[in-house]
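Report on the structure given below.
Nothing in this text is a laboratory measurement; each read-out follows from the coordinates by a stated rule. All values reported here derive from a predicted model rather than from experimental measurement. We place every Cβ from the backbone using ideal geometry, glycine too, and count neighbours over all the protein chains shown.
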Amino acid sequence: MRKVSLAQLSLPLTHCDCDCADSLFRLRIAIVTETYPPEINGVAMTIARMVDGLLEMGHHVQMVRPRQHRDDQAQQRERYTEVLARGIPLPRYPGLKMGLPAERKLLKLWSEVRPDLVHIVTEGPLGWSALRTARRLQLPVVSDFHTNFHQYSRDYGFGWLHKPIAGYLRNFHNKGDATLVPTQAMRDDLIAEGYTAVRVVSRGVDTLLYNPGRRSVALRASWGLQGDAPVAIYVGRLAPEKNLPLVLHTFEQLAAVAPQARLVLVGDGPSRAELQRRYPQHVFAGMRTGEDLATHYASGDLFLFPSLTETFGNVTTEAMASGLAVIAYDYAAAGQLIVDGENGFVAPCGNEQAFAQAALRALGEPLRRTAARQRARLTAERLSWRNVVRDFAGVLHEIVASHEKQENLRSAAVLTAE
């Protein structure tokens, strides 16, 4: 992967020079997703940021999502309405729902009030029925590629499903007008796998929420630390697809050099109970949100993130904004943003020894680690959600305009034939 200097570092966004709210017409956007706050995951957080930004720009958003619990009520506010569909809990993730097919409901909904565009966030049954309905009504469709579900199959013991799932995802996304991905590297990978019309719209990070100033001496003391003893922290799902054995193995090597170091794991998931039983010496902080989560980030020193199933990895940018020395594999957000030894530490994908060595290097070179933490914060400060949402809206406008142009050409051809 080609690397650039920190001075050259910039986001590979689809540029939009105009203020879309003023210079272009406001869109009526139907967004279909199987996860949304208060559910806690990177997809839910990202789409919530996009929705807030679209509303701020003056666009209208109709959110179609599964009912999250029995008392869940559809929300409404200015230019924002929700439509709740049926859903069932995901296996091993009871806090998340998989939306059930709702083609009849969506057909009635979008026939009565026709959206300018349908944006599909997730590729489950609800997303598939939205795709079918949009195509039936000849509506433009944009989809997100957020999660490497085909790679997850190997982590859960269903490796034989890898090819069928990969084929389903490719077929799903190629039926739309564009597929959005967060990095140029992922765009290149998907195109090599046969995807068409792949566009890059990156991710932002809230640098007001996530910042080094939230470091808490009291929280560190509650972890059993004294003074400046190093803390290695992991934030994310405690699940097989996150490659957690490498977090634990790497920390064992760190602790051999710095016995006073502590490992803190923030998050929940199907692996938590077993990990907590096997490794009671580590701190299992559970699920954290908002300022509490930001304080946990900032109170660490090293961020260990060996996952190989990310499309981006929002936790990487959150850790960088919090002033942590990130140790990650050289792909997704880390591959796009980190220059090894400058504003973080990266290892070649899948090289577990190199990953552990990168962590040891970060621990053993305090001056370089301090400089990397400071530069990581500076890198994060360039990742404005406002710019990301503006580029996202720019892509939606292009797709709508292209769709209308094609419709006009078809209409003209029909009139000429008559």
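Want the number for Ile191 to Leu409: 0.36 nm per residue separation, take away the alpha-carbon distance, what's left? Please report the intermediate quantities before stating the final value.
Working: separation 218, 0.36 × 218 = 78.48 nm, distance 2.82 nm.
So the extension gain works out to 75.7 nm.
Rounded, prolate or oblate: which one fits the range 212-380, using the alpha carbon gyration tensor with axes a ≥ b ≥ c (rounded when a/c is under 1.5, else prolate when a/b beats b/c, else oblate)? It comes out rounded by the Cα gyration axes. The length gained on full extension between Glu365 and Val113, counted as 0.36 nm times the residue separation minus their Cα-Cα distance, comes to 84.7 nm. To the nearest 0.05, how large is the calculated FRET efficiency for Asn174 and Gln226 if R₀ is 56 Å and r is the Cβ-Cβ distance? The computed FRET efficiency comes out at 0.50. When Phe312, Phe172, Phe345, Phe305 are arranged by Cβ crowding within 10 Å, least crowded first, meaning fewest neighbours, the order is Phe172, Phe312, Phe305, Phe345.
Quick one: divide the alpha-carbon radius of gyration of the range 246-342 by 2.2 N^0.38 Å and tell me what you get.
On the way: Rg = 13.6 Å, N = 97, 2.2 N^0.38 = 12.5 Å.
Output field value: 1.09.
Note on the chain: antiparallel DSSP beta bridges, both residues inside, total approximately 15 percent of the bridges counted. What the phi angles of the range 26-35 give under the Karplus curve with 6.51, -1.76 and 1.60, with θ = phi - 60°, is a coupling list of 7, 9, 9, 10, 9, 10, 10, 8, 9, 8 Hz, glycine and proline written as x. Dipole size of the range 212-380 about its Cα centre, with +1 on Lys/Arg Cβ and -1 on Asp/Glu Cβ: approximately 360 debye, rounded to the nearest 20. Ranked by how many other Cβ atoms sit within 10 Å of their own Cβ, fewest first, the residues Met287, Met320, Met45 fall in the order Met287, Met45, Met320. The chain gives an Rg/Rh value of 0.99, both radii derived from C-alpha positions and Rh following Kirkwood.
A Cβ-based charge dipole, computed about the Cα centre of the chain with Lys and Arg at +1 and Asp and Glu at -1, lands at about 620 debye. Which residues in the range 163-177 have a backbone N closer than 17 Å to a point placed 7 Å from the Cα of Cys349 along the Cα-to-Cβ line? Answer for this model: 163, 166-167, 170. Taking other Cβ atoms within 10 Å as a rough exposure proxy, Ile399, Ile165 sort from fewest to most as Ile165, Ile399. Fully extending the segment from Val83 to Ala256 would add 56.9 nm, taking 0.36 nm per residue of separation and subtracting the current Cα-Cα distance.
Could you work out [θ]222 nm for the chain from helices alone, using -39500 (n - 2.57) per DSSP H run of at least four and dividing by all its residues? Round to the nearest 500 deg cm²/dmol. Can you show the working numbers first?
On the way: 16 runs with 181 residues, N = 418.
When only DSSP H runs of four or more count, the value is -13000 deg cm²/dmol.
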